[in-house]
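The values are calculated or read from the model by the stated rules, or taken from the named source; none is laboratory data. Everything numeric here is computed off the predicted structure, so don't read it as measured data. Note that each Cβ is placed from the backbone with ideal geometry, even for glycine, and that neighbours are counted across all protein chains shown. In case anyone asks, the SASA skips ligands and DNA or RNA and just uses the protein heavy atoms, side chains included. Shrake-Rupley method; radii C 1.70, N 1.55, O 1.52, S 1.80 Å.
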Amino acid sequence: VQGVASTFGVQMTGRATVREGDVDHLIMWEPVLRSLLDGRPVYEPGTIDFRSVDGGDLDLHHSFTADDDPADVGHFLAQAGFLHLEGVFTEAEMDAVSADLDDAMDAADRDDGSSWWARTADDEWYPSRILGFNQRSPALRALLSSERFARIGTFTDDGMIQRDPDGRDSAEGLYKKVDVVEGVSDVSWHKDCSMGNHSRRCCGLTVGISVTGAGPTNGELGVVAGSHRANIPALGVAHVDLPRVPLSTRTGDVTVHCSCTLHMSRPPVSDERRVVYTGFGLAPRPGDHRVEPDEESVRRDRASLNDHVRRRQKNHTGPSTRTASFEL
């Protein structure tokens, strides 16, 4: 009733067992249940369009800079559910963050509870995601405390609160290698609320800082425009008619997407990609009190996600399935 866990979330964390059919059949019920909880109708194809400030068609491939009118940037974000911001940080600043990521990966251990690991085709296990990377990167904390970054939270009329640069798990450092065959690295289409807590955490803003540039062959981000405005399944795009948009970036660029925007990352096939993810959330209302999960619950959920990804990879092997999952 509270929406703390989604249909996908209860199955993935072992709190539900699918006795007939498969998990995809269960997950497809999510929009119906959400409509009962929130009173928001299930999305019908053709009911969402994209309009510019002057009422014309919105160019979904438009990028912005820090000098653009905040009202124009905010309007695009509200319509499309994502942004591409060019040149927010310098290459030198990204080099410093990358060096800190190297140090954090060197210190990581598979049983530390604060890193996710992946295996490449040559049987190399490596830390693909460093959780709480902000606590291990002085260079990143300096950037997250800058006015350049804080400005991202002002593009909408909503009261946004930045994740604490010094807080636990407020930023993650991702290292995406070529030919990953097992573990958590590249994630197919999903919403950030796919595990649950939609009513509590959405819509936040997820911010990706391009430590290295990204394109079609090295792990760029893809988004489904307008999906933050649609009550649709939180996983996959099979039943969604909305436009899919690739977001190629250069070093120092920033991407922003609403937590309810369907998004994915392509698996690199040419070069590695490095990216940091952090973000903003809605400011609490008077009387709100958020209970943080205990450390053991966090470790358990992370382990469950890793196990779930491993099972899906073993059950869906072969290049045709992998290509379909990431098709833009």
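Each residue of the range 206-211 was assigned a 3J(HN,Hα) from its phi angle through the Karplus expression (A = 6.51, B = -1.76, C = 1.60, θ = phi - 60°), giving 9, 10, x, 9, 7, 5 Hz with x at Gly and Pro. Heavy-atom surface analysis with a 1.4 Å probe gives the chain a carbon and sulfur content of 49 percent of its accessible area. One decimal place: the segment residue 201-residue 238 gains 10.8 nm when fully extended, by the rule 0.36 nm per residue minus the C-alpha distance.
Centroid-to-centroid, using Cα positions, the range 5-70 and the range 180-230 are 12 Å apart. When the convex hull of its Cα atoms is viewed from all sides, the range 22-72 shows a mean projected area of 6.5 nm². Compute the Cα gyration tensor for the range 91-234, then decide on rounded, prolate or oblate, letting a ≥ b ≥ c be the square roots of its eigenvalues: rounded whenever a/c is under 1.5, prolate when a/b is larger than b/c in the other cases, and oblate in all that remain. In terms of gyration-tensor shape, oblate.
For the chain, go through all pairs of different Cα atoms, get the mean of 1/r, take its inverse, and jot down that Kirkwood value in Å.
20.4 Å
Rounded to whole Hz and in sequence order, give me ³J(HN,Hα) for the range 99-114 from the Karplus expression 6.51 cos²θ - 1.76 cosθ + 1.60, θ = phi - 60°, writing x for Gly and Pro. Ordered by residue, 3J(HN,Hα) equals 5, 5, 5, 4, 5, 5, 5, 4, 8, 6, 9, 5, 10, 7, x, 10 Hz.
Computed with a 1.4 Å probe over protein heavy atoms only, the accessible surface of the range 152-244 comes to 36 Å² per residue.
Evaluating 6.51 cos²θ - 1.76 cosθ + 1.60 at θ = phi - 60° for every residue in the range 195-201, the Karplus couplings come out as 7, x, 6, 3, 5, 9, 10 Hz, glycine and proline recorded as x.
Backbone amide hydrogens, once placed in the peptide plane, bring residue 129 within less than 5 Å of 116, 175, excluding anything fewer than 5 places away on its chain. Under the classification rounded if a/c is under 1.5, otherwise prolate if a/b is larger than b/c and oblate if not, where does the range 88-161 fall, given a ≥ b ≥ c as square roots of the Cα gyration tensor eigenvalues? Taking the square roots of the gyration eigenvalues as a ≥ b ≥ c, the range 88-161 is prolate.
When 1/r is averaged over all different Cα pairs and the result inverted, which Kirkwood radius in Å belongs to the range 112-197?
Details: mean 1/r = 0.0663 Å⁻¹.
In the range 112-197 this quantity evaluates to 15.1 Å.
Net length available on complete extension from residue 179 to residue 288 is 34.8 nm, with 0.36 nm assigned per residue and the Cα-Cα distance removed. At an R0 of 35 angstrom, the distance between the Cβ atoms of residue 154 and residue 5 translates into a FRET efficiency of 0.60.
The residues of the range 12-102 present an accessible area of 59 Å² per residue when probed at 1.4 Å with all protein chains retained.
Projected over every direction and averaged, the convex hull enclosing the alpha-carbon atoms of the range 229-268 yields 3.8 nm². Note: relative contact order over the chain, using C-alpha pairs below 8 Å and six or more positions apart, is 23 percent. Would you please state the base-10 log of I(q)/I(0) at q = 0.14 1/Å for the range 24-126, with intensities from the Debye formula using one equal scatterer on every alpha carbon? Scattering profile of the range 24-126, log10 relative to I(0): -0.97. If you take the alpha carbon atoms of the range 162-242 and fit the smallest convex hull around them, that volume is 147 Å³ per residue.
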